[in-house]
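The structure appears below as structure tokens.
The values are calculated or read from the model by the stated rules, or taken from the named source; none is laboratory data. Everything quoted here is computed from the prediction, not taken from an experiment. All Cβ positions, even for glycine, are placed from backbone atoms using ideal geometry, and neighbour counts span all protein chains on display.
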Amino acid sequence: MRSTILQCAAAITLFVALAVPARLVAQSNYSVVELGERGGTAGSANGINDRGWITGTDNLAGDLTTVATRWVNGQTIPLGTLNGGPNSAVAWPVKNNNGVIVGISELPDIDPEGEFFSCWPFLGDGNPSGRICQGFRWQNGHMTALPPFPGGHSSYATQVNNRGQIVGWAENGVHDPTCDPDFQILQFRAAIWQPDGTMQELPPLPGDSTSAAVAINDLGQVVGISGDCFVAVGNSSARHAVLWQNGVPIDLGNIGGDAWNTPTMINNQGTIIGFANTLPGLARTFHAFIWTSTGGMKDLGTLPGMCGTNACNDFRSEALGMNEKGQIVGLSRGNPPPDGNAPFLIRAFLWENGKMTDMNSLTVAGSPYLLFGGDIDQQGHIVGEARDPNTLDEPAFIATPVPPGAAVSSAVHATPQGILPANVQRNIEQRLGSAGEFSPE
């Protein structure tokens, strides 16, 4: 889990024309259903395709183990792990409609370099395990490993398009001096695994040492990050947000910062979303952004503060999922107001028609509290993670648009009050890249 806006470079004229999302009719209400759990107290729905497949992670009993999960027709289906490893996850939106799912899995083997590769914030209890981690491809009940480059041990798969092209990043055999040796020794580079099994490297921008790909559309356009080696979950690894067109990286610009410039999605219109620092330096000052060829990178801001004054406005946000209509979902993070009387500090948002709205103001009575929106499909169904006030679980959810005037009976629970427990907040933010290595700040 987890960018100054420059004007479009001349090379961008080579791209397929990118359209500004059409204006949408605002949706006033959503009915929320909690998705099934497999014994633990937390689940995270991170993607939904147009077949209604929901993908993400779900904890097993004890909350020390996470398993990549698919929710279909009311069933909660584990995808398994590679070679009997302990943990796996589908950590990014998967839009493929042909039955292919990609993600990451720990192997039983300890990394011979003593590395803590960049899977660990998304797996298990969120602490480094020291195990090798590899991307996987899942189809028809079978999970297969996506190998690293020669000389490397670990790889990471994020997304797959409808052509079957998978993107992510993978280690090679280079000992990179820009790595943080407490976590990473070997260099990693953005990768495409083609349907025939061949593997292609996507280089960083000139002057950067490493790169990582996070999303690909059906036209083969890829977005990701370029920067220092570090740990590939943001920070200085994301000095630049980039778009690879025919394998060539192009800087997308920024909104004031030189770190944490992280795209998360590109749709088939060429619209790109993500989050990016608003100030120079490595401190996490990021806001959600949208990028188009005509407008460049624009700051989407944050949700208004819960105390009703500018003094307590949220200070971070992340755009995580998007559909072809340009509707965007994600999270906004804030501080409690001075009197301490506020709901949770993490809130799911929906962005449409140029406005960011707290999803909890759009749900029907009796809905659980929505912590973040992970993805949205063409019909406007939103998936993510919620908070159940009765069980105190954090289950995955799906929110369905309710037609105006329709009668809705809620089978879920009352909106909770109080402050989100610090450990829950830390785990969510760590998975989504906003908590750094060990700090919840």
Could you check how many residues of the range 148-166 are of a type in the set (A, V, I, L, M) and either farther than 19 Å from A89 by Cα or over 22 Å from the mean Cα position of the chain (by Cα) (or both)? 0
With the condition kept exactly as written, say whether any residue in the range 199-216 is within 23 Å of the chain's Cα centre (by Cα), charged (D, E, K, R), closer than 30 Å to I290 by Cβ and in a strand (DSSP E or B). yes
Before we move on, is R284 closer than 18 Å to L202 by Cα and basic (K, R)? no
Looking at the range 170-181 only, could you name the residues that are hydrophobic (A, V, I, L, M, F, W, C) and more than 19 Å from P195 (Cβ to Cβ)? V174, C179
Scanning the range 175-196 for residues that are in contact with a Leu (Cβ under 9 Å, 6 or more places away or on another chain) and assigned to a loop (DSSP other than H, G, I, E, B), which turns out surrounded by the most Cβ atoms within 10 Å (Cβ to Cβ)? C179
Pull up the range 217-246, narrow it to residues that are farther than 25 Å from Q194 by Cβ and among the charged types (D, E, K, R), then point me to the one that is surrounded by the fewest Cβ atoms within 10 Å (Cβ to Cβ). D228
Of the residues that make up the range 247-255, is at least one crowded, with 20+ Cβ neighbours inside 10 Å and at positive phi? yes
Condition check: closer than 24 Å to S105 by Cα and part of a loop (DSSP other than H, G, I, E, B). Does D258 satisfy that? no
Of all residues in the range 102-117, which are more than 17 Å from V233 (Cβ to Cβ), surrounded by fewer than 24 Cβ atoms within 10 Å (Cβ to Cβ) and not charged (D, E, K, R)? L107, P108, I110, P112, G114
Does the range 272-289 hold any residues that are β-branched (V, I, T) and either at positive phi or surrounded by 23 or more Cβ atoms within 10 Å (Cβ to Cβ) (or both), and which are they? I272, I273
If you go through the range 186-198 one residue at a time, do you hit one that is over 29 Å from M322 (Cα atoms), touching a Gly at 6+ places or on another chain (Cβ under 6 Å) and modelled with pLDDT of 95 or more? yes
Out of (1) at pLDDT below 95; (2) on the phi > 0 side of the Ramachandran plot, the one T178 does not meet is (2)
Every pair of residues 6+ apart whose Cβ atoms lie under 7 Å, when the first sits in the range 209-230 and is within 17 Å of I273 (Cα to Cα) and of a type in the set (S, T, Y) while the second is outside any strand (DSSP E or B) and modelled with pLDDT of 95 or more: S226/P204; S226/L205; S226/D208; S226/R239
Given the criteria at pLDDT 95 or above and within 21 Å of V383 (Cβ to Cβ), does T144 qualify? no
Within the range 204-225, work out how many residues are among the polar types (S, T, N, Q) and within 15 Å of A170 (Cβ to Cβ). 3
I need a count of the residues in the range 136-174 that are in contact with a Pro (Cβ under 8 Å, 6 or more places away or on another chain), part of a loop (DSSP other than H, G, I, E, B) and within 20 Å of E115 (Cα to Cα). 2
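With respect to G99, is the statement that it is of a type in the set (G, A, S) and either over 19 Å from T65 (Cβ atoms) or crowded, with 24+ Cβ neighbours inside 10 Å (or both) true?
Yes: the conditions hold for G99.
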